[in-house]
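The values are calculated or read from the model by the stated rules, or taken from the named source; none is laboratory data. Just so it is clear, the model here is predicted, and its values are computed rather than measured. So basically every Cβ, Gly included, is an ideal-geometry build from the backbone, and we count neighbours across all protein chains shown. To get the accessible areas, we keep the full protein, side chains included, count just its heavy atoms, and leave off ligands, DNA and RNA. Shrake-Rupley method; radii C 1.70, N 1.55, O 1.52, S 1.80 Å.
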Amino acid sequence: MTIVFKDESFRGDYRFANSPEAIRRFPFPFNEDRYMYSVNIEPHGPGPKGSVYEFPIDIDEHYVADMRDRAMTLREDPLRCQSLPHMLTAEWDLLELLMVSLSESYPELFSLTRDGDRWHWINKPLGVEQRFIFGDVATLPQRPMEYITRQVQGDFCLLDQRNGDLFVDSGMVTSQADWSLDFDIGMSFKEWHAPVPLAHEMGIFERAQKFLLALPMGRPVRRLNWTMTINPRLDTAPETYPLWGADRTTVTPENVGDKVHLRVELQALWRLPRSNAIVFSIRGYLIKLSEIATVPKWRRRLHRVLKTLPPEIAAYKGLTRYIDTTIGWLAERDDGAPTSPGFGPE
């Protein structure tokens, strides 16, 4: 496999675009013409070759630019990476999971050699090489979670399981959709998800919590979540709201195709072996409306989903200011043809 990494930016001049290949592999989140919350969890097993589901951890053409943006965010706000003291074993679990996965899935890009506790890690795209002793923090430049998640796309939370509940006790979160790790650190599962409308009344989180508490080792699961964002900005945290919040007022019929982006999260969860914690990965993908419009099924479906979206969900996802403009733009590109079931482009 050959990946050509793009020179892009997710702030400032927003030099970002998806190649035709990236558009076709985009994890479009709607399998029918309407949307409502659901648990929608499935096994996180190998998917079709070339898809975002092919490997446990997906690396794509935006990798180098993503990691550059993460480093910038951490320089500006180190609290985007936090871990409570009792989570160190889980951090080592996460480091092992990610290093093994990347080296096995992308051997041309990543290498891991293990001689007992003496490990040798090579990351060719970022020019990183590190020899360290597994379990010895002093042999790494950062704590293990920070070290490895500075090299992997997506956000990561470590959930500690105790007293019949799950707690968000560690995280590397620099590309979140308007929530704050600094605010949520230490919260229980239900406290963390408290702001979500409708889903609590439907029992979504109660069922999800019960499922995750029983998540076994070696059987990871995944789901898709989505929102929309203005401009291809990864960092839409509450802490930086003054930098991006006003962008929601700048959408016009003339620029909506390039400004409005569908933001999809491929969320995966693994039970970790030593700590019994759960790692929750939140890999974000961005695609602008004009790119979606190149896929007839997707442009029809997105129009119909947004047109019938409950107002509570639209408000929670921050779409209210520009959803009518977006629906109008998509309506002009919806020919009324039926759409086939499923997420794929055909």
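General observations
- Mean Cβ count within 10 Å, highest first, over the residues of peptides 92-100, 318-326: 92-100, 318-326
- Per residue value of the accessible surface for the chain (all protein chains in place, 1.4 Å probe), Å²: 44
- Amide proton proximity set for D178, modelled H, under 5 Å, gap of 5+: T236, A237
- Of T89, T294, the residue with the largest accessible area leads and the full order is T294, T89 (1.4 Å probe).
- Cα gyration tensor category, rounded, prolate or oblate, for the stretch 134-183 with a/c compared to 1.5: oblate
- Distant-in-sequence amide H partners of R15 (H built 1.01 Å from N, under 5 Å): S9
- Under the criterion of Cα pairs below 8 Å and six or more residues apart, the relative contact order for the chain equals 22 percent.
- Mean-position separation - Cα centroids, the stretch 64-101 and the stretch 279-315, in angstrom: 28
- Our coupling estimate for the stretch 282-289, obtained by passing each phi through the Karplus curve with A = 6.51, B = -1.76, C = 1.60 and θ = phi - 60°, is 10, 8, x, 10, 10, 8, 7, 4 Hz, Gly and Pro reported as x.
- Computed over the alpha carbons of the stretch 141-265, Rg followed by Dmax gives 16.9, 54 Å.
- Ignoring lysines fewer than eight residues from K210 along the same chain, the ones with Cα atoms less than 29 angstrom from its Cα are K190, K317.
- Each peptide in 34-47, 138-151 receives the mean, over its residues, of other Cβ atoms within 10 Å, and ordering these scores from highest gives 138-151, 34-47.
- Between the listed residues A138, I148, L213, the Cα displaced farthest toward the positive end of the dipole of the chain, a dipole computed from Cβ unit charges relative to the Cα centre, is found at L213.
- Taking the longest Cα principal axis of the chain as reference, the axis of helix 296-307 is set at about 80 degrees.
- Rg/Rg_globular for the stretch 201-346, with Rg_globular taken as 2.2 N^0.38 Å and Rg from C-alpha atoms: 1.22
- Translational diffusion coefficient (Stokes-Einstein; Kirkwood radius from C-alpha pairs) of the stretch 93-194 at 20 °C, 1.002 mPa s, in µm²/s: 142
- Rg of the Cα atoms in the chain, relative to 2.2 N^0.38 Å, amounts to 0.98.
- Mean Cα-pair separation over length for the stretch 17-101, i.e. relative contact order, pairs under 8 Å, 6 or more apart, %: 21
- The coefficient of translational diffusion for the stretch 1-123, derived via Stokes-Einstein from the alpha carbon Kirkwood radius under 37 °C and 0.692 mPa s, stands at 186 µm²/s.
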